[in-house]
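The values are calculated or read from the model by the stated rules, or taken from the named source; none is laboratory data. These numbers were taken from a predicted model, which means no experiment stands behind them. Reconstructed Cβ throughout: ideal geometry from the backbone, glycine too, with neighbour counts over all protein chains shown.
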Number of protein chains: 2
Amino acid sequence: MQVNHRITLAARPVNRPVQPSDFAHDAKPIPEPGAGEVLLRTLYLSLDPYMRGRMSEAKSYAQPTQIGDVMVGEVVAEVASSNDPSLVPGDTVLARLGWQEYGVMPAKGLIKVDGKAASLSHYLGVLGMPGMTAYFALLDIGKPKPGQTVLVSAASGAVGQVVGQIAKLKGCRVIGIAGGARKCEYVTDELGFDAAVDYRGKDTAALVAELATLAPHGIDVYFDNVGGIIHDAAMASLAMYARIIIVGAVAIYDRLETQDTGVRWMRQILAKRARMEGFLVFDYDARRAEFLADMTAWLRGGLIKYREDVAEGLDRTPEAFIGMLAGKNLGKQLIHVASPVGR
Amino acid sequence: MQVNHRITLAARPVNRPVQPSDFAHDAKPIPEPGAGEVLLRTLYLSLDPYMRGRMSEAKSYAQPTQIGDVMVGEVVAEVASSNDPSLVPGDTVLARLGWQEYGVMPAKGLIKVDGKAASLSHYLGVLGMPGMTAYFALLDIGKPKPGQTVLVSAASGAVGQVVGQIAKLKGCRVIGIAGGARKCEYVTDELGFDAAVDYRGKDTAALVAELATLAPHGIDVYFDNVGGIIHDAAMASLAMYARIIIVGAVAIYDRLETQDTGVRWMRQILAKRARMEGFLVFDYDARRAEFLADMTAWLRGGLIKYREDVAEGLDRTPEAFIGMLAGKNLGKQLIHVASPVGR
């Protein structure tokens, strides 16, 4: 008998890094779809930093995952069986199925994706939530203008690599911040960023000094994926009327239950008339088509390159997730769970 | 012989409150205007929190005042003699003459003000820089919508009292934060704010609890004149998509040379998709007419009330300035230096 392998939350990491024992692996019977529902088989699972937040009970924009519940996550799935006329077996869809091999969902609300138009995995990245985050956060909040300097942290990640390339398309000078020479070379040599800063082993002052050389007129747009001292270095380096987009805070994810304290930048915000704004991609669901039109064209034209870091098999999900939080991946972190069977 | 009494910067207050010995009083010969210049006699001197910043060498948006130099400041002055056809003795103008009784300025660039249209002192307040700050920062950055909740700190001050009243005109619910019962009664009973919070003797948690009662749906616009723990209380109380306007940081002016550290609100900014933006009124010089049209009409219609706290005589400037930084004034702090002589 086939079973549904799942990964659930076993323990909350409180003010410490995530460890493998925070997750439990189990196997349950494959569920049966009811009327209007479909049974989905996970093909690719997306791993994203926000999942760290769901493991915590610290106040956030979303409810925490409960102990014993399947970890949340977006997947590209294949319809295995369908009780709804809108979907047939073999169709591929986007779904919030979480860290498991199978799941039942109402057919209504599932977004069909076309494996012929683009690699299925891309719908979890450059054509999915990370791509949309890069696109709307940079363009709508950052409002980069030709000739301006855009700084992006976690530059080789799922969001960062797209941010930098869109900024280049818009005529900006782009500096990426990443951990390690390999990622820095990737964003300059393969993605065409103008410069990269390797943050490893550097304190705020060293980062500020490096930014002063690379961006003598200051940073016009800072795309903040990480928080922490990289945030500080960017804030100390702002140009007049700079925009700071707060998208994530990976640097402080190991101490989510502790109040984040440190340098406060209000005097700098005042002196530079800077604007700092938080961004969550869910606010832009209604504008998905606008994003897809641009991004699909850019991908087709070879204007946006995109790299994935794919681990094989659901079992490797905790290891890959922990690695991603530590910055070990290069490109969008995915799990290849299964290959399509077809109809 | 008539002389020009002046007050100069004698010592920099480094990480401590301003004290009277930071200023020196002297008397110099009244200067002679050259070609195209006018001799001005100060009538009213404006005292504003930003002057504290100019006493410090800490990095800011403007150069510090040098030791021995006259303290900077806006005045309403009367033209005593003129070598330029555009101004005649008896004309009244706005000028950045500083803390002194007389000064020579190029006629070009001086803004004529009409004592018949409004009280001359108003051009330093509700019709001047503080009024413009309230108007553009609230409307352009805060973008308050009818029914939303606006919180303003230093609520009875030169800027705060105008902010709250404009917000009321725009259909908002307005909460003021001020120090002491007298100021709180002023903003509710005289200015028509919906509520006031007396911050004295309260910590962040107590302020947050009070705001939760007064604004159960959260703060949509926070007009931040002060920084410090009032900033924290406001940030902890934001509604979704809140706007925070950073206009001043009086609460930390006694430690300008120390890096401002404390709670960092990036996770809250992200969760609430809040926008925090710095504001300096000089950026809006070109839109002065727009402001004056609205504000003059509102004043004439009795829609905006405005209170001044006027000390008598240049000699009392240091005392009044130190008092203002400690929150002792109620309303816009001014010094009445001299009365007009006329032409």
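Is at least one residue of segment B:111-128 modelled with pLDDT of 95 or more and farther than 30 Å from B:Ile30 by Cβ?
yes
To keep it simple, each residue is scored yes or no on (1) at pLDDT below 95; (2) crowded, with 18+ Cβ neighbours inside 10 Å; (3) out of contact with any Ser or Thr (no Cβ under 9 Å at 6 or more places or on another chain); (4) of a type in the set (Asp, Glu).
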residue	(1), (2), (3), (4)
B:Arg16	yes, no, yes, no
B:Ala27	no, no, yes, no
B:Ala35	no, no, yes, no
B:Leu40	no, yes, yes, no
B:Tyr44	no, yes, no, no
B:Pro49	yes, yes, yes, no
B:Lys59	yes, no, yes, no
B:Glu78	no, yes, no, yes
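Condition check ((1) touching a strand residue (DSSP E or B) at 6+ places or on another chain (Cβ under 9 Å); (2) aliphatic (A, V, I, L, M); (3) within 14 Å of chain B (Cβ to nearest Cβ)) across all residues:
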{"site": "A:Asn15", "(1), (2), (3)": "no, no, no"}
{"site": "A:Pro29", "(1), (2), (3)": "yes, no, no"}
{"site": "A:Arg54", "(1), (2), (3)": "yes, no, yes"}
{"site": "A:Ala62", "(1), (2), (3)": "no, yes, yes"}
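From A:Gly323, A:Gly278, which residue is within 30 Å of A:Met240 (Cβ to Cβ) and under 19 Å from the mean Cα position of the chain (by Cα)?
Working: A:Gly323 fails: within 30 Å of A:Met240 (Cβ to Cβ).
Result: A:Gly278 is the single residue among A:Gly323, A:Gly278 that is within 30 Å of A:Met240 (Cβ to Cβ) and under 19 Å from the mean Cα position of the chain (by Cα).
Across segment A:263-299, which residue is farthest from A:Phe136 (Cα to Cα) among those that are within 14 Å of chain B (Cβ to nearest Cβ) and surrounded by fewer than 19 Cβ atoms within 10 Å (Cβ to Cβ)?
If we take residues in segment A:263-299 being within 14 Å of chain B (Cβ to nearest Cβ) and surrounded by fewer than 19 Cβ atoms within 10 Å (Cβ to Cβ), then A:Val263 is farthest from A:Phe136 (Cα to Cα).
Please find, among B:Ala107, B:Ala77, the residue that is under 15 Å from B:Tyr44 (Cα atoms) and in the same structural domain as B:Asp315 (by TED's automatic domain parsing).
Only one candidate passes the filter, namely B:Ala77.
Can you tell me which residue in segment B:233-250 is farthest from B:Leu139 (Cα to Cα), limited to those that are touching an Asp or Glu at 6+ places or on another chain (Cβ under 8 Å), more than 8 Å from chain A (Cβ to nearest Cβ) and not hydrophobic (A, V, I, L, M, F, W, C)?
B:Tyr241
Which number in (1) part of a strand (DSSP E or B); (2) within 12 Å of chain A (Cβ to nearest Cβ); (3) among the aromatic types (Phe, Trp, Tyr) marks the one condition that B:Tyr253 misses?
Unmet condition: (1).
For segment B:34-82, give me each residue that is outside any strand (DSSP E or B), without any contact (Cβ under 8 Å) to a residue 60 or more places away in the chain and not polar (S, T, N, Q).
Matches in segment B:34-82: B:Ala35, B:Arg54, B:Met55, B:Lys59, B:Ala62, B:Pro64, B:Ile67, B:Val72, B:Gly73, B:Glu74.
Taking only pairs six or more apart or across chains, which ones have beta-carbon atoms under 6 Å, a first residue in segment B:144-158 that is closer than 16 Å to B:Asp189 by Cα, and a second residue that is in a loop (DSSP other than H, G, I, E, B) and of a type in the set (Phe, Trp, Tyr)?
none
Within segment A:221-232, which residues are more than 9 Å from chain B (Cβ to nearest Cβ), more than 19 Å from A:Tyr135 (Cβ to Cβ) and at pLDDT below 95?
From segment A:221-232, those more than 9 Å from chain B (Cβ to nearest Cβ) are A:221-223, A:225-226, A:228-230, A:232; that's our starting set.
After this cut, where a residue has to be more than 19 Å from A:Tyr135 (Cβ to Cβ) as well, the list is A:226, A:228-230, A:232.
Of everything in segment A:221-232, those that are more than 9 Å from chain B (Cβ to nearest Cβ), more than 19 Å from A:Tyr135 (Cβ to Cβ) and at pLDDT below 95 turn out to be A:Val226, A:Gly228, A:Ile229.
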